[in-house]
1. Give me the residue from region 236-260 that is small (Gly, Ala, Ser) and farther than 27 Å from residue 318 by Cα and, out of that set, surrounded by the fewest Cβ atoms within 10 Å (Cβ to Cβ).
2. Residue by residue through region 232-270, note down the ones that are in a helix (DSSP H, G or I) and either under 16 Å from residue 122 (Cα atoms) or not assigned by TED's automatic domain parsing to the domain that holds residue 197 (or both).
3. For region 318-336, which residues satisfy the criterion of being closer than 21 Å to residue 117 by Cα and either without any contact (Cβ under 8 Å) to a residue 24 or more places away in the chain or part of a helix (DSSP H, G or I) (or both)?
4. Please work out which one of (1) of a type in the set (A, V, I, L, M); (2) more than 22 Å from the chain's Cα centre (by Cα); (3) closer than 20 Å to residue 117 by Cα is the condition residue 304 fails and give its number.
5. Among the residues of region 76-130, which ones are free of Cβ contacts under 8 Å to residues at least 40 places away in the same chain and among the small types (Gly, Ala, Ser)?
6. Only residues in region 222-243 that are among the hydroxyl-bearing types (Ser, Thr, Tyr) count as the first member; pair them with residues that are assigned to a helix (DSSP H, G or I), Cβ under 9 angstrom, at least 6 apart or cross-chain, and list the lot.
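The values are calculated or read from the model by the stated rules, or taken from the named source; none is laboratory data. All values derive from a computational prediction rather than experimental measurement. Glycine gets a Cβ as well: all are built from the backbone with ideal geometry, and neighbour counts include every protein chain shown.
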Amino acid sequence: MELLHCPSTSIGQTTATVTQHWRFSYNSITNCRNFKVSSRKTSFFDFFHLRICGAPAARICMRPLSIRACTQAGTTGSDPLLNKVSEFKDACWRFLRPHTIRGTALGSIALVARALIENSNLIKWSLLFKAFSGLFALICGNGYIVGINQIYDIGIDKVNKPYLPVAAGDLSVGSAWLLVLVFAVAGLSIVASNFGPFITSLYCLGLFLGTIYSVPPFRMKRFPVAAFLIIATVRGFLLNFGVYYATRASLGLLFEWSSPVVFITAFVTLFALVIAITKDLPDVEGDRKFQISTLATKLGVRNIALLGSGLLLLNYVGSILAAVFMPQAFNRSLMIPAHIVLALCLVFQAWLLEQENYTKEAISTFYRFIWNLFYAEYIIFPFI
């Protein structure tokens with residue numbers, strides 16, 4: 001039995017010893033990800049060769065039984081059907097744009113938590129299913145909006161985001177259409193059957209705005225002001241107001257603004273505006289090629305990055321001032337230091353972007369960091 005080492009496979013200090021019982025190190029195999037096993041009918045004692053090789057991907061080959069470890073998604077088994085199912089699941093997950101799902105989920109959970117904290121005496125376990133169904137409906141709405149955008153942006157995405165499943169060819173246009181229709185119907189059905197006509201109308205408004213953002217002949221994403229107003233409205237106002245309204249209605253309460261909810265709605269609406277103008281920073285190359293007019297193509301990457309950073313700093317300064325002048329409404333001991341730290345992190349990230357001369361990689365890192373700040377605000381919101 002032969003054991004060969006290569007740089008792409010991490011074995012550590014382990015030396016495989018072949019004994020009469022055909023032992024080998026299981027740990028050396030499990031260090032690799034996603035095993036693909038292929039075999040023919042044979043006994044384990046028919047093994048006569050073990051190789052660990054890796055050019056270019058890490059592999060563990062056993063003849064006639066072969067176990068190949070590779071870093072590509074979807075290689076979960078030798079069954080072609082299982083492989084196709086796994087690949088389809090991976091494509092669907094990328095189709096949903098996970099970073100947007102995290103924002104939607106965190107936002108809805110934070111608003112529900114805030115409403116429950118304000119009315120803890122009305123909490124009922126029977127409402128748990130309704131809360132999860134509402135969250136699922138929001139994720140469906142999110143999936144519809146980002147999905148229909150990918151369907152109509154295939155050419156642009158092949159330049160700007162070639163890793164997206166439709167642009168990469170991992171998900172057919174027909175499958176993409178089926179998914180967005182399922183998302184729309186499922187989400188709308190859940191909302192209509194559980195949350196009443198007013199919330200249903202808000203949900204429909206969100207779907208409508210998401211549609212005209214991407215679909216011709218409207219395609220409002222062509223117009224910078226209209227584009228970022230749509231994003232700010234859907235992700236900022238509609239999400240926060242709608243979730244808070246629905247939660248209070250489920251508790252049997254009339255809608256009433258509270259200072260923290262007014263704060264988070266205003267804060268996130270402005271934040272969504274920043275996301276809307278900075279999301280085009282990594283996409284300047286493709287937008288120029290397809291003559292898509294954005295603030296980034298008109299004003300330049302550096303100017304938009306500075307504008308976005310400035311608006312977020314304004315958000316943080318406003319948060320600190322709100323805590324200073326309204327101590328009865330906010331938890332000052334958390335709200336002030338938390339927003340100071342987040343503001344300093346933003347300044348540091350903007351400085352790094354300047355130091356790296358606004359390369360595409362640096363811009364992508366900066367944009368991801370803005371989303372992390374977005375998540376952070378919702379995480380601390382229930383406690384402020």
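1. Looking at the filtered set, the residue picked out is 252.
2. Hits for region 232-270 are 244, 245, 246, 247, 248, 249, 250.
3. Within region 318-336, the subset closer than 21 Å to residue 117 by Cα is 319, 322-323, 326-336.
Result: 319, 322, 323, 327, 328, 332, 333, 334, 335, 336.
4. For residue 304, the exception is condition (3).
5. Those that are free of Cβ contacts under 8 Å to residues at least 40 places away in the same chain and among the small types (Gly, Ala, Ser): 86, 105, 120, 126.
6. Within 9 Å, the pairs are 233/205; 233/206; 233/209; 233/269; 233/272.
One line per residue, one yes/no per condition, for (1) of a type in the set (Gly, Ala, Ser); (2) out of contact with any Cys (no Cβ under 7 Å at 6 or more places or on another chain); (3) surrounded by 15 or more Cβ atoms within 10 Å (Cβ to Cβ); (4) modelled with pLDDT of 95 or more:
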{"residue": "180", "(1), (2), (3), (4)": "no, yes, yes, yes"}
{"residue": "185", "(1), (2), (3), (4)": "no, yes, no, yes"}
{"residue": "192", "(1), (2), (3), (4)": "yes, yes, yes, yes"}
{"residue": "199", "(1), (2), (3), (4)": "no, yes, yes, yes"}
{"residue": "204", "(1), (2), (3), (4)": "no, yes, yes, yes"}
{"residue": "207", "(1), (2), (3), (4)": "no, yes, yes, yes"}
{"residue": "212", "(1), (2), (3), (4)": "no, yes, yes, yes"}
{"residue": "219", "(1), (2), (3), (4)": "no, yes, yes, no"}
{"residue": "225", "(1), (2), (3), (4)": "no, yes, no, no"}
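Yes/no matrix, rows are residues, columns are (1) in a helix (DSSP H, G or I); (2) surrounded by fewer than 13 Cβ atoms within 10 Å (Cβ to Cβ); (3) modelled with pLDDT of 95 or more:
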site	(1), (2), (3)
302	yes, no, no
312	yes, no, yes
338	yes, no, yes
341	yes, yes, yes
344	yes, yes, yes
367	yes, no, no
372	yes, no, yes
376	yes, no, yes
382	yes, no, no
